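Everything on this sheet refers to the single structure shown next.
Where a number appears in this text, it was derived from the coordinates with a stated rule and is not lab data. All values derive from a computational prediction rather than experimental measurement. Cβ sites come from the backbone with ideal geometry, for glycine too, and all protein chains shown count toward neighbours.
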Amino acid sequence: MLPPRIYNIQDCAITIEFSQEINEATNMRVIALQHAIESSPIKGFIEAVPAYGSLTVYFTEEVSVAAVRSWLSKWIDDVPNNNHSMLPMEHSKQVTIPVCYDTLLGLDLPWVADHLNMSMENIIALHASIVYRVYMIGFVPGFPYLGTLPNALEVPRKQTPSMKTPAGSVAIAGKQTGIYPAEVPGGWQVIGRTPLKMFDPSASPCSFLNAGDTVQFKPITMEAFNQYS
């Protein structure tokens, strides 16, 4: 494996890129590095934000870019490839998320079934059978990028994004599945909805899920979904 690429994305932010691919081993290295540097932060450190194969570190102007690069280089050397033991288990959790796949909530499920030439029942069963990894949180606060979907469930994004995707919508696109934490525009295919709240700014932590967690979906009825309200 090539050494990570380290580059500035702004005056007070540095990215360490291990890979541009969706890869569990690489993502575990990213999360391990995140927790390592958070355990002993340099003066001026603000936060470290993980992505699939990279980690971006934000810091204040009171510390120089050179000092941050030197500090990061030492941590990178201490997080070898595929050393999963460096990821503290207390930082991750296993979560079961209830999902109602009724077509009143999974608005794109009929289209997905037609596109994949698969019954809706088989799509639901397959989607709920996988234990997914939370690779990162974005594009809005609390949105978990989960992977990876089996090849049989891969579908393209919508050609025209929906202007309003309801909060809690469970959707798929490419090799990923995710959950919309708020009503926002979205281009993924919505196949269900969870009654759980994915993001609460008044809670600590704000995000229900974090990078490194594992998730499995549990199908529930519309009646059970409504009982959460």
Q. Once both axes come from the Cα atoms, what is the angle between helix 120-129 and the longest principal axis of the chain, in degrees from 0 to 90, rounded to 10?
A. 30
Q: For region 172-187 and region 104-124, write down the distance between their C-alpha centroids in whole Å.
A: 16
Q. What base-10 log of the normalised intensity I(q)/I(0) is obtained for the chain from the Debye formula, alpha carbons as equal point scatterers, at q = 0.08, 0.12, 0.15 Å⁻¹?
A. -0.33, -0.70, -1.00
Q.
Take the residue pairs K93/K218; K158/K197; K43/K74 and return only those whose Cα atoms are more than 18 Å apart.
A. K158/K197
Q: Scan region 1-52 for trypsin sites (Lys or Arg not before Pro) in coil per DSSP, keeping those whose Cβ has at most 15 other Cβ atoms within 10 Å, and list them by number.
A: K43
Q.
Order 106-114, 153-161 from most to least packed using the mean count of other Cβ atoms within 10 Å.
A. 106-114, 153-161
Q: Sort the following peptides by mean Cβ neighbour count (other Cβ atoms within 10 Å, averaged over residues), highest first: 217-225, 173-181.
A: 173-181, 217-225
Q: Go ahead and run the numbers for FRET between K175 and D11, Cβ-Cβ distance against an R0 of 45 Å, rounding to 0.05.
A: 0.85
Q) What fraction of the Cα pairs in region 127-229, stated in percent, has a spacing above 20 angstrom? A) 36
Q. Y145: net charge of surrounding residues, Cβ under 14 Å, Lys/Arg +1, Asp/Glu -1, itself excluded?
A. 0
Q. Dipole of the chain, Cα-centred, from +1 at each Lys and Arg C-beta and -1 at each Asp and Glu C-beta, to the nearest 20 debye?
A. 100
Q) So, by mean Cβ neighbours within 10 angstrom, what's the order for 118-128, 204-214 with the highest one leading? A) 204-214, 118-128
Q: Compute the distance in nm between two label points, each set 7 Å from the Cα along the Cα-to-Cβ direction, one at S202 and one at E38.
A: 2.4
